[in-house]
Structures are given as C-alpha cells and as structure tokens.
Amino acid sequence: MRDTRREGGSESVGAGAPAADLFPVVYDELRQLAAKYMRRRGLASSVDPTAIVHEAYLRLADDRRWKNRSHLLGVAVLTIRGILVDRARRRAAEKRGGGRKRLNLSSQCLPEQRPVDALEIDELLERLASVNSRQAKVVELRFFGGLSIHDVAEFLGLAESTVERDWRFARAWLSARLRDIGAA
C-alpha cells in the first residue's frame, strides 16, 4: 500500500516499497524529463522517451530502497542516463565512428553551446567523479535529469546551498575540460 502524504514538497512513500508500486507516482514526470532532455539534445527522432522510461522501470521494478518521491526520481534519472549512454555506446560500436549523436549543452548547464558527444560527457563525468563524486552526481541529476536544486539536495541528503556550490564548480570544471577538448 502506498502512502502519498506530502512531506516537504515530496510525496512520501512507504519505506522499502517496490518501484512497481511507486513508479506511477513519478511516471509522467520522468517521461516529460526524458522527452525534454532528448529534444534539447537532438535525440527525439531516434529514441522514444516512453521506451526509455519503460526500460528504466524494468531495471528498477524489484528495487526496494526508495525513501520518497525525490529519491525514486533521482535514481530513475540516473538509470535513464545510463540507458542513453549505453545506447550511444552501442551506436558508436556499430561502425567506426559509429554515428555518434552530438549534444548541445544548454546554457543551463554550461556557458558554451558547442556540440558535445554523449560519450564525451560520460567520460568527463567519470573524470569528475574521480575528483569529486558528489559534484558528478549533482551534474548527472541536474543535466541528465533536469532535477531542481531542491530535488537534488533532497535526493543526496545535502543542503541546497551545497548543491548550488557543487553545481557551479562542476559546470566550471566541465566547461574548462570542454574548451581543452575543443582546442585539441
């Protein structure tokens, strides 16, 4: 049974409830986030957001670690990011060059508008994670998931000011690395 009381702006759910019970709470929001992300990055014609959300559901259906709506939403966003990166890797492996999709990073994420490959971003996030894993998580949740500062803070159990600082630093770090790549 689901507990849908509102706590601090998030739907509270029974501790340990399976994703199968909780996914309907965030399904529409996840589908909208996936569609928005894919539209902004030119993937809308090649991948159906509904299929991506359904694949995420299949990966998460038996998981029982959800604390609340924001927690499930955050984990689902990370799963969707993984699905999109896996698909990009498969396309890249199909043939030399692999028809990699180019992503335009929005001004929300980075100040530059140069096209960036999804695999390039994944590699940079792995490098950032080796320096500061928390900042890499903030980028994943904000950039790939479009989550608000509030939702990221709730998901990671941090103060919003900490998330804002991590977001600013990570954007600057990624921007510098992208400039280095662009200059090469």
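The values are calculated or read from the model by the stated rules, or taken from the named source; none is laboratory data. Bear in mind the structure is a predicted one, so any value in this text is a computation, not a measurement. Here Cβ is always computed from backbone atoms with ideal geometry, including for glycine, and neighbour counts include all displayed protein chains.
Identify, from the list SER107, SER130, the residue that is over 15 Å from the mean Cα position of the chain (by Cα), modelled with pLDDT under 75, within 23 Å of SER175 (Cβ to Cβ) and surrounded by fewer than 18 Cβ atoms within 10 Å (Cβ to Cβ).
Residue meeting the stated conditions: SER107.
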- Query: In segment 138-184, how many are within 16 Å of ASN68 (Cβ to Cβ), under 13 Å from the mean Cα position of the chain (by Cα) and in a helix (DSSP H, G or I)?
  - Reply: 4
